[in-house]
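Down below is the structure, laid out as structure tokens.
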Amino acid sequence: MDILNQLFRLFAADSSENVAAGSIVDSTTEIQSILRNLPVTAPEKDIALALKCIANSIPEDGLPLSQVTNHVLEELARGFARGQSGPRYFGFVTGGALSAAQCGDILTTIYDQNVQVHLPTDTISTALEHRTLQLVLDLLSIPRATFTGQSLSSGATGSNILGLLCGRDHAIRKAIGDAEYSVADNGYPAGITIKVLTDRHHASIEKAAAIIGIGRKNVVSLVLAQSERFVDCLERQLEQYRTSPGKVATIVTVSFGEVNTGDFTDIRGVREVCDRYGAWLHIDAAFGALACLLPEYSHLSGQIACADSLTLDAHKSFNVPYAAGIFYTRDRALLTSILAGSTIPTYLAAASQPRPEDFPEWVDTVASPLHTNLENSRRFIALPLYCALINMGRKGYTELMNRNIQFARDLAAWMLSGQGGQWYEVLNLMEGADGEKCVPLNVVLFRPRDTEDIPAIYRRSHYSSKPERASSTLIQDINRTKGMYVSPGAYALGAVRIAVSNWTTGLNDDGEDLKAVKKILRNIMLQDPRLD
């Protein structure tokens, strides 16, 4: 029987949430309907029950598949954050999983491809991965020739590690004047310090610096004076390093869409400064890459291509399941010099095999992922991403981004001039294309007002020594409703962040998601039992 028929047979339908062993749901439409009505995170009583059900020892003989499935679905799943992939989870910019991406992810597990070695006469998996990465560039209107090095990783952190690895070797070569020196082969030369200069970097940049030996303390987030541009501060710091007694090699990292505010750095200006000082420019666009699709952000569309290396993350706005990091670099040779190594196990060598007469020439330009990737083995990450790209197309992703941004702006408008304005203040406002105040991209950064109109527990003045507790208390109470989920935002005296990135938020719901969010935020202020 065809594999697809087997797939549909395996996942035969049961319309209820708690399904029998060997049966899940009959369509992704029903999946989304279920997610919309589940608690965003697990209730405390369900967590307690699920924890008691986790096996404490390995069974001697093992359990039948049906019993394992029942165990997970009926005993453990109640303790999962089952609505995290739904429309009202605004915490970690996790997006969701498009129906097409879910299908691709299931098939990825079934086919279980080895995508480490390019064996084009045995499987098209590595060719499909290569083309998928090109399609992402097409979506962002970046010429394919811009980034000759490309790879998929387990997430944005993995891609940032690759970016700093390339930046590290480039920076060292510049500092010592040796274009062939390899840190990967020879280690760090004596007397060289690498500094990573950033504009409000993501924490994964520090983790990457720690892993590759640069060191977390050498990641420097430049602090701007009032009204100072990042590019001016950057040039001043690079000039200081250039004239200092010791040798300092530099990498510059900026975010394309800052995660707390949705703000954008002037990347063209940063590129010009990096060129003058020979610094490697790594752009972390895990969060904001798809802004390039929108006319409002058309002035940014070419900036992402200014990078020497680039991180994207398909599990965010692309709405592809986890383990979908994307990496690009202009210097394929540098990337492979670091990751290929000099010794390849015989069994991993790509033996040359005869090609059919009509074999596409481009397939032979594909590098073995083994030589461009952190892992020596990983999932066929490309398939769910490929399915999402051809399912959505440019129009579908443009509509998704517009929907997410409009949801954030409608909520911010309610807090700015609507009923919510008596209780909340928005902290990341900018002037929109129409001259009206709005939030950038899909992020609302806000906090409770410090007035007599709200419960004392949410007033900063109520906490004389720790005013940030007002926002943290509000976050706890919002999340306790299980109807939506928010996270802390980085802002003086505390803030709440809502990041809208799920493809189902506001999708064909007659405004129900926005109404639900407003209702929760309103009821917290009006009906809190601790109201003074």
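The values are calculated or read from the model by the stated rules, or taken from the named source; none is laboratory data. Bear in mind the structure is a predicted one, so any value in this text is a computation, not a measurement. As a convention, Cβ positions derive from the backbone with ideal geometry for all residues, glycine included, and neighbour counts pool all protein chains shown. Ligands, DNA and RNA are stripped out before the accessible areas are found, and what is left, the full protein with its side chains, is counted by its heavy atoms. Shrake-Rupley method; radii C 1.70, N 1.55, O 1.52, S 1.80 Å.
Just so you know, the Rg over Rh for region 83-242 is 1.03, from Cα atoms, with Rh as the Kirkwood radius. Where both bridge residues fall in the chain, DSSP classifies roughly 50% of the beta bridges as antiparallel.
Counting only DSSP beta bridges with both residues in region 280-431, the antiparallel share comes to about 60 percent. Cross-link pairs exceeding 20 Å between alpha carbons, from the set K482/K518; K195/K316; K316/K437; K195/K247; K482/K515; K316/K518: K195/K316; K316/K437; K316/K518.
Loop sites by DSSP among the GluC sites (Glu not before Pro) of the chain, restricted to those with at most 10 other Cβ atoms within 10 angstrom, leave 181-356 as the longest stretch without any of them. Each principal axis of the Cα cloud of the chain was taken in turn, and the coordinate range along them, longest first, works out to 70, 68, 49 Å.
Of the solvent-accessible surface of the chain, computed with a 1.4 Å probe over protein heavy atoms with every protein chain present, carbon and sulfur atoms account for 52 percent. In terms of overall dimensions, region 434-496 has a Cα radius of gyration and Dmax of 12.9, 41 angstrom.
When both region 386-436 and region 470-486 are represented by their alpha-carbon centers, they are found 21 Å apart. Across region 387-426, Cα-Cα pairs farther apart than 15 Å form 53% of the total.
Using bins of 10 Å that start at zero, the share of Cα-Cα pairs per bin across region 174-282 amounts to 13, 45, 33, 8, 0, in whole %. Remark: the chain carries 46 Å² of accessible area per residue (probe radius 1.4 Å; ligands, DNA and RNA excluded).
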